[in-house]
1. Under the condition of being assigned to a helix (DSSP H, G or I) and away from the ligand (no atom under 16 Å from the Cβ), which residue from the range B:90-102 is surrounded by the fewest Cβ atoms within 10 Å (Cβ to Cβ)?
2. Does the range A:20-37 hold any residues that are more than 9 Å from chain B (Cβ to nearest Cβ) and in contact (Cβ under 8 Å) with a residue 60 or more places away in the chain, and which are they?
3. For residue B:74, state whether it is surrounded by 19 or more Cβ atoms within 10 Å (Cβ to Cβ), within 16 Å of the ligand (Cβ to nearest atom), in contact (Cβ under 8 Å) with a residue 12 or more places away in the chain and assigned to a helix (DSSP H, G or I).
4. Pick from B:301, B:309, B:292: which is closer than 20 Å to residue B:104 by Cα, in contact with a helix residue (DSSP H, G or I) (Cβ under 9 Å, 6 or more places away or on another chain) and modelled with pLDDT of 95 or more?
5. How many residues does the range B:263-282 contain that are surrounded by 18 or more Cβ atoms within 10 Å (Cβ to Cβ) and part of a loop (DSSP other than H, G, I, E, B)?
6. When you check residue B:250 against the structure, is it touching a residue at least 40 places away in the same chain (Cβ under 8 Å), in a helix (DSSP H, G or I) and within 21 Å of the chain's Cα centre (by Cα), yes or no?
7. Return yes when residue B:29 is more than 16 Å from the ligand (Cβ to nearest atom) and modelled with pLDDT under 95 and no when it is not.
8. Is it the case, given these coordinates, that residue B:63 is crowded, with 22+ Cβ neighbours inside 10 Å and either away from the ligand (no atom under 14 Å from the Cβ) or more than 14 Å from chain A (Cβ to nearest Cβ) (or both)?
Ligand SMILES: Cc1ncc(COP(=O)(O)O)c(C=O)c1O
């Protein structure tokens, strides 16, 4: 239960970060872009079709592994900075969390921030596809963990 | 000094035009809307909006068959648009078929003339920078009749390579299908020369005039083309209205497109006969309201006049090229001198999707991506561009705001 709370509290933090912009689209987008510019790039060897997420307008690669504590570690990259910013937010929420916790969580922060209006429906659909892939990874790791 | 003064006068006239477009008064993301996606669709003046309301509130009726007053009024208004459209491109009235857009116009030609005239060993040449709607209908035709569809190269500066066209022309080529202005690059193609070359081999010429119609005078007699397609919604008119010009002798000799009401003379199970063109190609109840509301859009373009439109565009091109040249890492596509005020570009280090989104946050509407010309993007070796396309209401001030913002975004996020 404690682990699920972590995902919850990170989401709350993100919502608070965005509340500083008071709905100003320009500032919100530039903030997401800046997050994207700061995100580590994924080594070229992972830029492979098997890691590519379908349904995104930009190219998005997502790689996952389990650490020694049984938590899922995500690494991800994109060819556009804004998408990398969105990835950065998802990494903050999900990377390092237990598979069970990921599976039980809801990404409510996106709605709270108004991500749809911020980045447009196409990119929003891409986000949904990313979250689906994250939970698919969590699902398969959860089985492995038994 | 005098130059500045004439520019200001022109700007003033455009400001007057702008007042006619209610949507341009709105704000987007806290900034006044600067609409630069005119190549996708243009905004609509009050006259067009009023015409729609007026039709539905005072003379809505089906056309061409009623005897009552409303039917007569509606038919008259509908046919008035056809007349205006014919005059607009200097064709005969019965050479002007009303469709729902350029796409339908081209598909109509492929279905009717194409199926009748094209067979297995024939070749259709299409420009290398065509919109998908001037590629896919020919590929579908090829699936049905087995002909070949081949691209004609585009030169570095974004216009059709006439050398390559000459090289590819042969007796087997039955059609050359090219745009007059590229929707991705804004470049103007030498279609008259295309026509001359095609004629030597007896090939017909179809011109996609979707982008050209709002920007330059098109004269089908002068171009001597066989078909011309264009869309009302790119000319400040409503969506769902398109035009197809076809030479009389061709329209008279080809089969109908769709079958149904409006297009028949007599129907019996022994045999059905059709009306003469253009009605032969207009089965079913057409888009009456939008066709009628197209009339004020033509009137607006005619009132401003192509001379003024072209003058203003020259100014926008001169100014924009100067600004683009000074932005580090900015690359323009379609560098030909012969073009409209449409700028297709990329900026090193800033993905075009991101650039589009950042501009939107400042109230600027541009298009990003492949612009329905994937083969062209492939040949340029890029995924897409940012496209800023100007319309009748866009001023140099709009361009200034655009380039200021691109410059700011480049200096913040660019890698050059
Ligand atoms: C050059 C060109 N051809 C054809 C089309 C298709 O026009 P419509 O969608 O109005 O049928 C467009 C519209 O984007 C265009 O720019």
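1. The initial filter retains those residues of the range B:90-102 that are assigned to a helix (DSSP H, G or I), namely B:93-95, B:102.
Pick out the ones that are also away from the ligand (no atom under 16 Å from the Cβ) and you get B:93-95.
Details: B:93: 13, B:94: 17, B:95: 22.
Checked the range B:90-102; the qualifying residue surrounded by the fewest Cβ atoms within 10 Å (Cβ to Cβ) is B:93.
2. Correct list: A:23, A:32.
3. Details: surrounded by 19 or more Cβ atoms within 10 Å (Cβ to Cβ): yes; within 16 Å of the ligand (Cβ to nearest atom): no; in contact (Cβ under 8 Å) with a residue 12 or more places away in the chain: yes; assigned to a helix (DSSP H, G or I): yes.
Answer is no for this residue.
4. On the way: B:301 fails: closer than 20 Å to residue B:104 by Cα; B:309 fails: closer than 20 Å to residue B:104 by Cα.
Just a single option satisfies the conditions, and that option is B:292.
5. Filtering the range B:263-282 down to residues surrounded by 18 or more Cβ atoms within 10 Å (Cβ to Cβ) leaves B:263, B:277-282.
If we keep only those that are part of a loop (DSSP other than H, G, I, E, B) too, we end up with B:263, B:277-278, B:282.
Count: 4.
6. Numbers: touching a residue at least 40 places away in the same chain (Cβ under 8 Å): yes; in a helix (DSSP H, G or I): yes; within 21 Å of the chain's Cα centre (by Cα): no.
Criteria not met by residue B:250.
7. Details: more than 16 Å from the ligand (Cβ to nearest atom): yes; modelled with pLDDT under 95: yes.
Answer is yes for this residue.
8. Numbers: crowded, with 22+ Cβ neighbours inside 10 Å: no; either away from the ligand (no atom under 14 Å from the Cβ) or more than 14 Å from chain A (Cβ to nearest Cβ) (or both): yes.
No; evaluated as a whole, the condition is false for this residue.
The values are calculated or read from the model by the stated rules, or taken from the named source; none is laboratory data. These numbers were taken from a predicted model, which means no experiment stands behind them. Note that each Cβ is placed from the backbone with ideal geometry, even for glycine, and that neighbours are counted across all protein chains shown.
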